[in-house]
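Trainee: Dropping the structure in here first, questions after.
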Amino acid sequence: LPGDFQGLRRGLLFLAAIHITGVVATWGQNRLMITVAQRTSNGMRKELFEKLQRMPLSYLDAHPHGELMSRFTNDIDSVQMAFEQSLIQLVSSTINFCGALVMTVVLNPVLFTVTAAVVGLMSLVTRKLGARSRSFFQAQHQALGEVNAYVEELIEGLKVVKVFGHEDAAMAEFQERNEAYRQAATGANFFSAIAFPISGNLNNIGYAATALLGGVLAVRGRFDIGSLAAFLQYQRQIGFPMQQITNQFNIVLAALAGAERVFDVLDQPS
């Protein structure tokens, strides 16, 4: 008995060390990504501001001040959010996905064909929806920049608006721009949101098909029950990272749309 208790004590201490290591690693991961995100956004704002100092007056006259300000705030904030919330999730999900995929091939190449078909279908759906969503995110950032530009211009000249009684016309024009932004934002978030439940349902269909085919193989003696149970667990581990990657698409696509607007200014000739 004393030997058994010694082994239990060592096991508990080892388990506690693993959990403590996980807590420290999670803290370090979050601290690192927040630092990277803040430094990246800080560097982008600095480079964008320095670029504007070298731009010709014709470029500044052709772009409203509020629209340029939106690139400093909303567009770069989207990039910062992607670094803080999505990058680690995408990397860890990709690693889990690849590891589980390799294990399914090792366990049973025949059942892997079902898994491969489901993964291919999920990738196709995600790519199609992502392409539609990305165009809407680009339109959303553009519309938000126009709204900010109009608000900045109107506030700056509010005294003139009141003197000439232009309030109703100003409100009507603002409503038009605001509605364009609402439509673009609705389309962007709709296509990115439906990707998650669609991929989840496809994963469930693949799980059921795998269980059915695996059961047939087990009945015929070509696959044992223990290996089938392990395969189904890895099947779940393949689908879950795919769903997580899909769930991060709206943040990533918004960041790409924002980054494109920032780099559009940086690529202009000085």
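The values are calculated or read from the model by the stated rules, or taken from the named source; none is laboratory data. Note that the structure is a prediction, hence the values are computed from the model and not measured. Every residue, glycine as well, gets a Cβ built from its backbone with ideal geometry; the counts of neighbours run over all protein chains shown. The accessibility values were calculated without ligands, DNA or RNA, using every heavy atom of the protein model including side chains. Shrake-Rupley method; radii C 1.70, N 1.55, O 1.52, S 1.80 Å.
Trainee: Counting pairwise Cα distances across the stretch 130-182, what percent come out greater than 13 angstrom?
Mentor: On the way: 856 of 1378 pairs.
Within the stretch 130-182, distances greater than 13 Å cover 62 percent of Cα pairs.
Trainee: Still on this structure, I have one more. In Å², and per residue, what accessible area does the chain have when probed at 1.4 Å with the other protein chains present? Spell out each step's value before the answer.
Mentor: On the way: 15960 Å² over 270 residues.
On a per-residue basis, the chain sits at 59 Å².
Trainee: Karplus couplings for the stretch 245-252 from phi (6.51 cos²θ - 1.76 cosθ + 1.60, θ = phi - 60°), rounded to Hz, Gly and Pro as x?
Mentor: Karplus values, whole Hz, x for Gly and Pro: 4, 4, 5, 8, 4, 5, 5, 5.
Trainee: Now for a separate question. Under the definition of Cα pairs under 8 Å and six or more residues apart, what whole-number percent is the relative contact order of the stretch 170-264? Walk me through the numbers on the way to the answer.
Mentor: Values: 34 pairs, mean separation 36.7, N = 95.
RCO, the stretch 170-264: 39 percent.
Trainee: Counting only protein heavy atoms and a 1.4 Å probe, tell me what percentage of the chain's accessible area is made up of carbon and sulfur.
Mentor: Details: 10450 of 15960 Å².
On the chain, the fraction of accessible area on carbon and sulfur atoms equals 65 percent.
Trainee: What angle, in degrees between 0 and 90 and rounded to the nearest 10, separates the Cα long axis of helix 109-156 from the longest principal axis of the Cα atoms of the chain?
Mentor: It works out to around 20 degrees.
Trainee: Separate question: Could you give the size of the charge dipole of the chain about its Cα centre, using +1 on the Cβ of each K and R and -1 on the Cβ of each D and E, expressed in debye and rounded to the nearest 20?
Mentor: Working: 21 positive and 21 negative charges, 283 e Å.
Dipole of the chain, to the nearest 20 debye: 1360 debye.
Trainee: Continuing with the same structure: Indicate the gyration tensor shape class of the stretch 39-112 (rounded, prolate or oblate), computed on the Cα atoms with a ≥ b ≥ c the square roots of the eigenvalues: a/c under 1.5 is rounded; otherwise a/b larger than b/c is prolate and the rest oblate. Before the final figure, lay out the partial values.
Mentor: Numbers: a/c = 4.67, a/b = 3.73, b/c = 1.25.
Since a/c reaches 1.5 and a/b is larger than b/c, the shape of the stretch 39-112 is classed as prolate.
Trainee: Work through the residues other than residue 269 whose Cβ is under 11 Å from its Cβ and net out their charges, Lys, Arg +1 and Asp, Glu -1.
Mentor: Working: positive: 51, 54; negative: 267.
Here the count lands on +1.
Trainee: Using a 7 Å offset from the Cα along the Cα-to-Cβ direction at both residue 212 and residue 232, what is the distance between the two label points in nm, to one decimal?
Mentor: About 1.5 nm, to one decimal.
Trainee: Using only the Cα atoms of the stretch 1-159, build the gyration tensor, take square roots of its eigenvalues as a ≥ b ≥ c, and label the shape rounded, prolate or oblate: rounded if a/c is under 1.5, else prolate if a/b is larger than b/c, else oblate. Intermediate values should be presented prior to the final figure.
Mentor: Values: a/c = 3.97, a/b = 1.85, b/c = 2.15.
In terms of gyration-tensor shape, oblate.
Trainee: Bin width 10 Å, alpha-carbon pairs only: give the P(r) of the stretch 176-270 as whole percents, running from 0 to the bin holding the largest distance.
Mentor: For the stretch 176-270, the binned pair fractions read 14, 26, 22, 16, 12, 7, 2, 0 percent.
Trainee: Would you mind telling me which residue in 216, 79, 36 has the biggest mean-square fluctuation in a Gaussian network model of the chain, where springs connect alpha carbons within a distance under 10 angstrom?
Mentor: 216
Trainee: Right, here's the next one. So, counting K/R as plus one and D/E as minus one, what does the shell of residues with Cβ under 14 Å around residue 78 add up to?
Mentor: On the way: positive: 45, 71, 134, 261; negative: 75, 77, 84, 260.
Net charge around residue 78: 0.
Trainee: If you build the Cα gyration tensor of the stretch 10-60 and take the root of 5 times each eigenvalue, what three semi-axes come out, in whole angstrom, biggest first? Each step should come with its number before you reach the end.
Mentor: Details: eigenvalues 473, 6, 3 Å².
Semi-axes (√(5λ), whole Å): 49, 5, 4.
Trainee: Still on this structure, please answer the following. If Lys and Arg each add +1 and Asp and Glu each add -1, what is the summed charge of the other residues whose beta carbon sits under 13 Å from the beta carbon of residue 160? Spell out each step's value before the answer.
Mentor: Details: positive: 159, 162; negative: 153, 156, 167.
That sum, taken over residues with Cβ under 13 Å, equals -1.
Trainee: Volume per residue, Å³, of the convex hull around the alpha-carbon atoms of the chain?
Mentor: For the chain, the hull spanned by Cα atoms encloses 186 Å³ per residue.
Trainee: Follow-up. Hey, can you rank 51-58, 252-259 by average C-beta count inside 10 Å, highest first?
Mentor: Values: 51-58: 11.2, 252-259: 22.6.
Highest-to-lowest ranking by the protection proxy: 252-259, 51-58.
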